[in-house]
Amino acid sequence: MEKSLGSRKQRQEFVVSEVVVPLLISVVIGVAAGFGGVLFHFLLGWGSRILWTTPEELADVPVWLRLLIPAGAGLFSGVVVAKWAPEIRGPGVPQVMKALALEGGRIRHRVTVLKTLVTSTLISAGASVGREGPVVQIGASIGSSISQLFSLGADKRRLAVACGAAGGMAATFQAPIAGTMFAVEILLFDLEVSSMSSIVVSAVTGTVVARQMLGQRATIHPPSFALVSHWELVFYLGLGIAAGLAGLLLIWSLFGLPRLWKRVPGPQWIKPALGGLIIGLIGLWLPQVMGVGYGEILKALDGRVVLASALIMFAAKIVATGICISSGMSGGIFAPSLFIGAMLGTAVGEVALHCCPIQGVNPAYYALVGMGAVVSGTTLAPMTAVLTIFELTYTYQVILPLMVACIPSLIIVRLFHGYSVYETKLLSEGVDIVKGHEINRLRDMKVSDYQSPLEQVIRTTTPFWEIVDLMEKSSFPHFVVLDENDRLAGVLTIRDIRSFLIHKEECPQDLKAEGLMKRDVATIGEDDSLEKAFSIFAASGFSFLPVVSKKDPGRVVGILKKSDFLNAYHENVVKERIFSNLNLFCMIQPEKAQKASLKK
C-alpha cells in the first residue's frame, strides 16, 4: 500500500512538473504576447494621429510633410538599430528562427521594447512593411524573457519562444489555428508532439486577450466566399502559378536591392532615412501602397478595385516593400504579401470574369485566394496560408481553391529559388538552417567536446620510408602534416602513398611528405558545432578533419574522426529517446519501474 502511494505521488509529481507547469507557463506567455499584440495595435493608431494631422486623407497634408515624416521615421529607425539593437532590423521572423536554432532561444530583453517602438513608428509614418513579423518577434522575445525568468532549460526555452510567437500571431489575426501552424510550420524545426499543447494554449490565450481588448473582430473582414463552378479551379490554378512568380519578384526585390544600397555612400544608419524619403515620393502619386495597406485589401475584398489599379498597386507594393526592407528598416513581409496577393487575385479575377462564361464569378473571391497563394510562395508555409485565410472567413468552400492555388505557388518558388523569404534572409547572413530534429541537436554539440588529441604528426621533411613505417604501426593511418613552424601544411593518408608502395622501384630516394601530402585541407574550428562537421563529412569522403584553434586558425589542436562524430551523434539522439521513454514508462507503470530500479 505504501509503495502504491509512493508510486502515485511520483507520478503526480511528474505530471505536475512536465505537463501542468509548462501549460501554466504557456498561459502566462500567451497572455503577455496577446497584450503585446494589442499594445502594438494601439501604438499604430496613436502614431498615425500624432504624425499625420489627417491620416484618412493624405491629400490635405503638405507635400514637404509627406516627405519629411517617412524620412524622419527612417532616420529614427536607423539610429536605434545601429546603436542599440541590430537584431530588430528586417522582418523579425528570421531573427526568431536564428535564436531558436543557434542561440538556444535566447533573445535580448530590449528587443521587446525597441522592436515595438521602432516598427510602430515606421508603419505609422507610412513605411511599406507589415506588423505581423514584428509582433511575432515581440511575442518570441516575451517568451524568451519569461523562460529566462523561470530558469528553464534550452529545450523548454525554445518552446517558450515558439509559444510567444504563436500567441502574438494569433492575437494579430484573432486566429489561434493559424498562429499555432505558423509556429509549427515556420519556426520549429524539431517539433515533438508533446509541444503542440503548449503552443495551442498560448495561441488560444493570445486570441482571447485580443478579443477582450479589441472586440471579436479580425484585422481583415473578407466577404463570404463561394466556388461558383469547379471549372473555376482552372483559373485558381493559374492564380497559384502567378502567385509563385509574384513571390519570386518580391524575394528578388527584398534581396536584390540591398546590392544597390551598398553602393550608396554614407553610414548604414542613414540609409533607412533615404528609404523613407523614397517611400514618401512614391506616396505622393500612389499613397495606397504606404503603410500596412489593410484598407486597400478590404477594398479588393469588396470588389472595389479595378484591373488597372490592381496591377499598378501590385507592382508598386513590391518595389516599396523592397526599398523599405533592403534599406534596413524594421518591419514584416506577411502583410505586404497579403496586399500583393489581393491585387494579383483581383487582376486574375477580372480576367476570369471576362473569359469565363459561368455566371457569378467574383474578382473579390480571387483576391481572397490570391492573398493565401502569395503568402504560401513567400513563406513556403502552405498550411499557414490556408488556415489564415480559412479563419478569416470560416467558410469551408474556400479550402479547395486555396489548396489549388497555394501548392503551385510553393512549387514555383521551390523550383526557381529554393528557399522561403525568411530562409533567404538567414542565408544572406551566412546562416544555413537545416530542418530536422536530429540535425538541430548537432547545433548544441561542440567539436571541442568530441575531438581526439593530436598524437601522430608528420613533418613536411619526413622521408617516405619513415612515413611507411609510421603507418604500419598506427591504428589510424591518417596524419596531419606540419611545417617547421608547427603550422598546418597538409594531410597525408595511406591513399596518398599507395601507388608508391606498389611501384617501390620507381620511388625517388629523396621523396618526402611535402611531395605526397594534400595541401588543400578542409578544417573545422574547435568552437564550431557538429552540424558544420556533418555538412563537411556529408559533402566529402574525408575520414577525419584537423581541428584548428579559434585564436590561431593555422595551429592544429586535435582531430575530429568521422567515427567519433557518428558515435557522438548516435549516443546523443538515442540517449534522449531512451530518457524520454523511461520518463513515460515511470509515469504509466511506476511499480514496474521501481522494481527494475531495485534489481539494478
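Only the coordinates and a few stated rules stand behind these numbers; no lab work does. Since we're looking at a predicted model, the values are computed, not measured. With ideal geometry, Cβ positions are generated from the backbone for all residues, glycine too; neighbour counts draw on all protein chains shown.
Of Lys317/Lys425; Lys299/Lys425; Lys262/Lys317; Lys98/Lys561; Lys271/Lys425; Lys473/Lys561, which pairs sit farther than 26 Å apart, going by alpha carbon to alpha carbon?
Values: Lys317/Lys425 19 Å; Lys299/Lys425 31 Å; Lys262/Lys317 22 Å; Lys98/Lys561 28 Å; Lys271/Lys425 18 Å; Lys473/Lys561 18 Å.
Beyond 26 Å: Lys299/Lys425; Lys98/Lys561.
Below 8 Å between Cα atoms, with a sequence gap of 6+, how large is the relative contact order for the chain in percent?
For the chain, the relative contact order is 15 percent.
With +1 on the Cβ of every Lys and Arg and -1 on the Cβ of every Asp and Glu, and nothing else charged, how large is the dipole of the chain about its Cα centre, in debye rounded to the nearest 20?
Computed charge dipole of the chain: roughly 1100 debye.
Of the GluC sites (Glu not before Pro) in segment 451-498, which ones lie in a loop per DSSP and count no more than 11 other C-beta atoms within 10 Å?
Glu455, Glu484
Given H placed 1.01 Å from N in the peptide plane, which residues other than close sequence neighbours of Ile333 have an amide H under 5 Å from its amide H?
Excluding prolines and chain starts, which carry no amide H, the hits are Gly130, Gly133.
With each pseudo-label sitting 7 Å past Cα toward Cβ, what's the Asp155-Arg211 distance in nm, one decimal?
Using points 7 Å along Cα→Cβ, the separation is 3.3 nm.
Leu311 to Ala538: FRET efficiency via 1/(1 + (r/R0)^6), r the Cβ-Cβ distance, R0 45 Å, to the nearest 0.05?
Step by step, r from the Cβ atoms, then E = 0.45.
Taking a cut-off of 23 Å, what percent of all Cα-Cα pairs in segment 18-214 are separated by more than that?
Value for segment 18-214 (Cα pairs over 23 Å): 41 percent.
Suppose the chain between Val351 and Ser474 were pulled fully straight at 0.36 nm per residue; how much longer would it get relative to their current alpha carbon spacing?
Full extension from Val351 to Ser474 adds 36.8 nm.
Report the gain in length on full extension from Ile358 to Glu429: 0.36 nm times residue separation, minus Cα-Cα distance, nm rounded to one decimal. Working shown, then result.
Details: separation 71, 0.36 × 71 = 25.56 nm, distance 4.97 nm.
In short, 20.6 nm is gained.
Taking 20 °C and 1.002 mPa s as the conditions, I'd like the Stokes-Einstein D for the chain in µm²/s, using the Kirkwood hydrodynamic radius from alpha carbon pairs.
Estimated diffusion coefficient is 79 µm²/s.
Let me see the P(r) profile for segment 442-569: every Cα-Cα distance counted, bins of 10 Å, each bin given as a percent of all pairs.
The distribution over segment 442-569 is 13, 43, 31, 12, 2, 0, given as percents.
Provide the convex hull volume over Cα atoms per residue for segment 166-322, in Å³.
Roughly 193 Å³ of hull volume per residue.
What is the gain in length, in nm to one decimal, between Trp285 and Arg555 on full extension, counting 0.36 nm per residue of separation less the C-alpha to C-alpha distance?
Difference between extended and current length: 91.1 nm.
Using the number of other C-beta atoms within 10 angstrom as an exposure proxy, rank Val398, Val208, Val161 with the fewest first.
Going from sparsest to densest Cβ surroundings: Val208, Val398, Val161.
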